[in-house]
There are 4 protein chains.
Amino acid sequence: MDRELKMDASTLEAFLAREFPQVGADFAIESLSADLLEVRLKVADRHLRPGGTVSGPSMFALADVSVYLAVLARLGPVALAVTTNCSIDFMRKPAAGVDLICRCRLLKLGKLLAVGDALIFSDGGDEALARATLTYAIPPTR
Amino acid sequence: MDRELKMDASTLEAFLAREFPQVGADFAIESLSADLLEVRLKVADRHLRPGGTVSGPSMFALADVSVYLAVLARLGPVALAVTTNCSIDFMRKPAAGVDLICRCRLLKLGKLLAVGDALIFSDGGDEALARATLTYAIPPTR
Amino acid sequence: MDRELKMDASTLEAFLAREFPQVGADFAIESLSADLLEVRLKVADRHLRPGGTVSGPSMFALADVSVYLAVLARLGPVALAVTTNCSIDFMRKPAAGVDLICRCRLLKLGKLLAVGDALIFSDGGDEALARATLTYAIPPTR
Amino acid sequence: MDRELKMDASTLEAFLAREFPQVGADFAIESLSADLLEVRLKVADRHLRPGGTVSGPSMFALADVSVYLAVLARLGPVALAVTTNCSIDFMRKPAAGVDLICRCRLLKLGKLLAVGDALIFSDGGDEALARATLTYAIPPTR
C-alpha cells in the first residue's frame with residue numbers, strides 16, 4: 001500500500017473549503033501523518049440534538065469526510081472518490097458542548113476501492129463514542 | 001412481532017416537529033401502515049453537495065429518522081430509542097432537484113433491540129439510490 | 001439494471017457443485033426469477049452450535065453464496081466476483097432441526113460493484129432470522 | 001469500561017474446546033492482555049476455497065469467535081452472549097497454506113451490548129486481509 005502523502009494538512013483544508021463550501025468550515029485538520037489523520041468537528045447548534053449531544057448524522061458526516069480526506073491525501077486533489085458503504089456503531093453519548101475528534105486510518109488503498117476506519121472521541125475524552133468503516137470507490141480514470 | 005400501531009402519521013409528524021425542532025421540518029410522512037412507513041426528505045440547499053446531488057449525511061439522516069419513526073409508531077411516544085448501529089450502501093446518484101423518499105420496514109421489534117430496513121429513492125424513481133439497516137436500543141424502562 | 005438471466009437454476013447448481021466441491025452440496029436452489037433467488041441450506045451437524053441451532057458462520061455462508069449466485073445468474077459463469085463487504089444482523093434464533101431458506105434480491109449490478117440483500121428464514125417460518133447485505137466486486141475484464 | 005480480565009488464555013481455550021466441540025479445535029489463543037486478544041485459525045482443508053485461499057465464512061468465524069472470547073475474558077464463563085450484528089470488509093486475498101491471526105480489541109463493554117473490532121492477517125503478514133466489527137448482546141441476568 002502506497003503510503004506517501006500527496007497533500008499536506010493545509011492543502012487538504014483549503015481543498016475542503018473550496019469544494020464543499022456548505023460544510024467545509026465545520027471541519028479542521030488536527031494532524032496528518034502517513035498513519036493517522038485527525039479531524040475536528042467544530043460543534044455548532046446545527047449539529048446538536050435535544051439534550052445538547054451531537055447528532056448521529058453529524059458523526060456520520062465527520063467519519064465520512066475524514067476517510068475522504070485520508071484518501072485524497074494519498075491520491076491528490078484530482079480524484080473524485082465516492083462513498084459506497086459505511087458501517088457505524090454508536091457506543092457512547094457525546095459530552096455536551098465539546099468538539100468531536102475523529103482519528104482515521106486507511107486500511108486499504110486499492111485501484112478501485114479504499115477502506116478506512118474512523119474512531120470518534122469527544123475532544124479530550126479517551127473512550128470512543130463511535131466507530132465507523134467506510135469504503136470509497138475510486139474512479140478508474142486516475 | 002407486535003404489529004399494532006400506537007401512533008398515526010399525523011401524530012408522528014407532530015412528535016417529530018416538537019422533539020426535533022432543528023430537523024423536523026425537513027421530513028414529511030407520506031404513508032404509514034403496519035408493514036411500511038414512507039418518509040419524504042424535503043430537499044433544500046443545505047442537503048446538497050456540489051453538482052446538486054443530496055449528500056451522504058442527508059441520506060443517512062433520512063434512513064435514521066425513518067427507522068426511528070417506525071419504531072415509535074409501534075411503541076408510542078414515550079420511548080427514547082437510540083441508534084446503536086447503521087450499515088448503509090450508496091448505490092446510485094440522486095437525481096438533482098428532487099425530493100427523496102424512504103421506504104422503511106421493521107424486521108424486528110424485540111424487548112431490547114429493534115432492527116429496520118430502509119430503501120431510499122428519488123421521488124418518482126424506481127431504482128433504490130441507497131439502502132440502510134439500523135439497529136435501535138430500546139430503554140428497558142418501557 | 002439489466003435483469004435478464006444468463007443461467008437457470010439447474011445450471012447454477014451444477015456450477016456451484018463443480019466450482020465449490022467443499023460446500024456446494026450444502027446448498028440447493030429453491031427458485032430463481034428475475035426478482036428473487038431462493039437458496040436452501042441443507043442443515044447438517046457441521047452447521048450447528050450447542051443447543052442445535054444453526055451457527056452464525058453457516059448463516060453468513062448461506063447469505064454469501066446466495067448473493068454470489070444471484071450475481072452469476074445475471075453475468076454468466078465466466079465471472080469471478082469476490083465479496084468485498086457484508087453487514088449481517090442476527091435477529092432470531094433458528095428453529096432446531098430445520099433447513100434454512102435464504103431469499104435474495106439484487107439491488108445493484110454495476111460495472112464494478114454488485115449489491116444484494118438476503119433474508120434468512122427457518123424453512124416454513126415467516127419471520128426473518130437474519131438479514132444481510134453483501135457487496136461483490138466484479139472483475140473489469142468481463 | 002472495566003478492563004479487568006476474569007479468564008486467562010488457557011482457561012478461555014479450555015472453555016472453547018468444551019462448549020464448542022465442533023469448532024473449538026480450529027482456534028488457538030496466541031496472546032491475551034487487557035488491550036488485545038490474538039486468536040489463530042489453524043487453517044485446514046475445510047477452511048479453503050478453490051485456489052487455496054481461506055474462505056470468507058472461515059474469516060467471519062474467526063472474527064466472531066475472537067470477539068466472543070474477548071467478551072468472555074472480561075465477563076467470565078457464565079455469560080451467554082449472542083452476536084447481533086457484524087460488518088466485515090474483505091480487503092486482500094489470504095496467502096495460501098498459512099494460518100490466519102486475528103487481532104481483536106473491545107471498544108465497548110456495556111450492560112447490554114459489547115462491541116469489538118477485529119483485524120485479520122496472514123500469519124507473518126503485516127497488511128490486514130479483513131476487518132470486522134461485531135456487536136454482542138449480553139443477557140441481562142449476569
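Where a number appears in this text, it was derived from the coordinates with a stated rule and is not lab data. For clarity, every value in this text was computed on a predicted model and none was experimentally measured. Note that we place each Cβ from the backbone using ideal geometry, even for glycine, and neighbour counts take in every protein chain shown.
Give me the net charge of A:Cys102's neighbourhood, meaning all other residues with Cβ under 13 Å from the Cβ of A:Cys102; Lys, Arg count +1, Asp, Glu -1.
-2
Just counting partner chain Cβ atoms within 10 Å, what average do the residues of peptide D:112-118 show around their Cβ?
Mean number of neighbouring Cβ atoms from other chains: 4.
Find the chain C residue whose Cβ sits closest to the rotation axis that carries C onto B, and give that distance in whole Å.
Nearest to the symmetry axis by Cβ: C:Ser87, 2.
Evaluate the protein assembly as shown: find the radius of gyration of its Cα atoms, find its Kirkwood radius, and give the ratio Rg to Rh.
Ratio of gyration radius to Kirkwood radius: 0.94.
Mean-square fluctuation check for chain C, GNM, Cα pairs under 10 Å: which of C:Leu100, C:Leu119, C:Leu80 is largest?
C:Leu80
State the dimensionless ratio Rg/Rh of the range A:1-43 (Rg: radius of gyration of Cα atoms; Rh: Kirkwood radius).
Radius of gyration over Kirkwood radius for the range A:1-43 works out to 1.00.
Just rank B:Glu30, D:Glu4, fewest to most, by other beta-carbon atoms within 10 angstrom.
Lowest to highest Cβ neighbour count: D:Glu4, B:Glu30.
Quick one: order A:Val78, D:Val23 by neighbouring beta-carbon count within 10 Å, fewest to most.
Lowest count first: A:Val78, D:Val23.
Could you work out the mean projected area of the convex hull around the alpha carbons of the range B:8-142, in square nanometres to one decimal?
Its Cα hull, projected and averaged over all orientations, spans 7.6 nm².
One decimal, nm, shortest first: give the distances between the label point of A:Pro139 and those of the same position in the other copies, each label point 7 Å from Cα along Cα→Cβ.
2.7, 4.8, 5.5
What pairs in A:Lys111/D:Lys93; A:Lys42/A:Lys108; A:Lys42/B:Lys93 have C-alpha atoms more than 22 Å from each other?
Distance filter (> 22 Å) returns A:Lys42/A:Lys108; A:Lys42/B:Lys93.
Just rank B:Asp123, C:Asp8, C:Asp117, fewest to most, by other beta-carbon atoms within 10 angstrom.
Lowest to highest Cβ neighbour count: C:Asp8, B:Asp123, C:Asp117.
Taking the Cα of C:Leu112, stepping 7 Å toward and past its beta carbon, and measuring to each backbone N in the range C:59-81: which are under 18 Å?
C:80-81
Average partner chain C-beta neighbours within 10 Å, per residue of D:55-64?
Average per residue, whole number: 6.
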